[in-house]
Amino acid sequence: MSDREILRSAAQAIAGASEISLACHIGPDGDALGSMLGLAEAASNAGKIVKASFGSPFVVPDNLSFLPTDHLVAPGDLPARPEILVVLDVGSADRLGEIAANAGKAKTVVVLDHHVTNEGFGDIAYVDPTAAATGEIVFDLLEIAGWDLTPSIANSLLTAVVTDTGRFQYSNTTPRTLEIASELVAAGAVPTLIGQRVYEEAPFGYLIAAGSALGRANLDEGLSVVSTVLTQEDLKTAGVDWGDVDGLIDTIRLAREADTAVLAKDQGDGRVKVSMRSRGATDVGSLAASFGGGGHRLAAGFTVDGDPDQVISAVVAKLGEFR
Ligand code: 5GP
Ligand code: MN
């Protein structure tokens with residue numbers, strides 16, 4: 001099947017179902033939630049019974065709480081054996097958290113994704129690494145299904161595209177991305193709302209937590225890497241949680257001297273979640289995959305057991321293999 005035919009068969013499977021379950025990745029970002037909630041609303045408007053969720057911790061980050069959550073349910077409230085489960089922005093089944101069990105029992109699993117490290121799971125898997133966001137794929141799918149873009153759906157999909165392109169700055173931004181954004185704004189999406197809520201505000205505690213992590217940042221000019229650790233203690237002292245500090249890696253990567261930025265977030269339970277970014281010289285997607293994670297060439301992550309400083313050392317030791 002050509003790529004287009006796969007997307008068409010995905011659209012047919014979704015349009016042909018009367019009850020649709022949807023899931024995105026744990027710790028959802030703007031693309032995961034925006035693409036999922038946009039598709040959920042469109043399917044609901046088409047008369048489907050729709051439930052959407054993501055694996056624990058089941059908390060919508062404050063900076064995405066403006067997205068319409070009418071169809072969002074706790075992961076335990078998704079059907080245990082869905083007729084159809086549409087999985088969005090998920091590169092590997094483990095990124096579903098406990099919803100991996102629902103996927104295992106679903107009659108049909110449809111995967112819509114753009115991660116280059118996607119493992120190709122699911123019955124119908126449409127994976128397009130040239131799409132800047134999964135939201136672009138949903139945009140195309142709605143067109144194929146003949147489902148209208150309402151202002152609310154358009155706003156969810158624009159949130160997906162804006163966040164995964166870093167506001168149209170990253171190298172994944174294509175002419176098609178901007179065409180889609182143009183159509184979304186024409187359909188009623190509100191760029192100022194997205195910009196304000198996602199980028200222009202944070203709780204005061206974010207400044208305190210970021211200050212702690214930035215204060216202990218380390219630059220290795222020889223290896224062209226900047227890195228730091230964010231601890232559970234930092235969050236507790238600042239009175240914020242993980243959802244509030246998603247933007248921190250974007251501040252760390254500002255260091256001009258470094259190609260690669262590494263943030264190790266100590267989960268407080270023996271696990272460390274690592275976020276990585278590159279200016280272009282390092283394939284951090286493959287680097288993350290070598291630690292059991294994944295992502296994109298220039299933005300990726302993984303979670304492992306261990307001590308955060310030792311995990312950073314292990315990452316830095318491997319940088320040369322991925323340049
Ligand atoms: P972030 O650093 O913002 O959490 O993630 C950056 C990119 O890497 C996103 O596209 C995200 O989906 C991907 N990513 C982050 N952590 C993991 C992980 O543990 N496994 C996989 N497969 N991808 C990840
Ligand atoms: Mn994405």
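The values are calculated or read from the model by the stated rules, or taken from the named source; none is laboratory data. Predicted model, so just to flag it, every value in this text is computed and none were measured. Cβ atoms come from the backbone with ideal geometry, glycine included; neighbour counts cover every protein chain shown.
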Query raised in the report: Scanning for something within 16 Å of ligand 2 (Cβ to nearest atom) and crowded, with 22+ Cβ neighbours inside 10 Å, does region 241-261 turn up at least one residue?
Result: no
Report task. For region 290-305, enumerate the residues that are surrounded by fewer than 21 Cβ atoms within 10 Å (Cβ to Cβ) and out of contact with any helix residue (DSSP H, G or I) (no Cβ under 8 Å at 6 or more places or on another chain). Result -> G292, T303, D305
Query raised in the report: Is region 10-26 home to any residue that is out of contact with any strand residue (DSSP E or B) (no Cβ under 7 Å at 6 or more places or on another chain), surrounded by fewer than 22 Cβ atoms within 10 Å (Cβ to Cβ) and closer than 30 Å to V240 by Cα?
Result: no
Report task. Within region 268-300, count every residue that is more than 16 Å from ligand 2 (Cβ to nearest atom), in a strand (DSSP E or B) and either farther than 14 Å from A314 by Cα or among the acidic types (D, E) (or both). Result -> 2
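Can F58 be described as assigned to a loop (DSSP other than H, G, I, E, B), away from ligand 1 (no atom under 16 Å from the Cβ), within 20 Å of the chain's Cα centre (by Cα) and within 22 Å of E136 (Cβ to Cβ)? Walk me through how you get there before you give the answer.
On the way: assigned to a loop (DSSP other than H, G, I, E, B): yes; away from ligand 1 (no atom under 16 Å from the Cβ): yes; within 20 Å of the chain's Cα centre (by Cα): yes; within 22 Å of E136 (Cβ to Cβ): no.
No: the conditions fail for F58.
Quick test for you: out of S156, S152, S171, pick the one residue that is modelled with pLDDT under 95 and either at negative phi or in a helix (DSSP H, G or I) (or both).
Details: S156 fails: modelled with pLDDT under 95; S152 fails: modelled with pLDDT under 95.
Checking each option against the conditions leaves just S171.
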Query - Residue selected from region 27-62 under the condition crowded, with 24+ Cβ neighbours inside 10 Å and closer than 20 Å to K265 by Cβ, by the criterion farthest from ligand 2 (Cβ to nearest atom) - result: F54
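If you check F168 against the conditions, is it surrounded by fewer than 22 Cβ atoms within 10 Å (Cβ to Cβ), among the aromatic types (F, W, Y) and more than 12 Å from ligand 2 (Cβ to nearest atom)?
Details: surrounded by fewer than 22 Cβ atoms within 10 Å (Cβ to Cβ): yes; among the aromatic types (F, W, Y): yes; more than 12 Å from ligand 2 (Cβ to nearest atom): yes.
Here the answer is yes, as F168 does meet what is asked.
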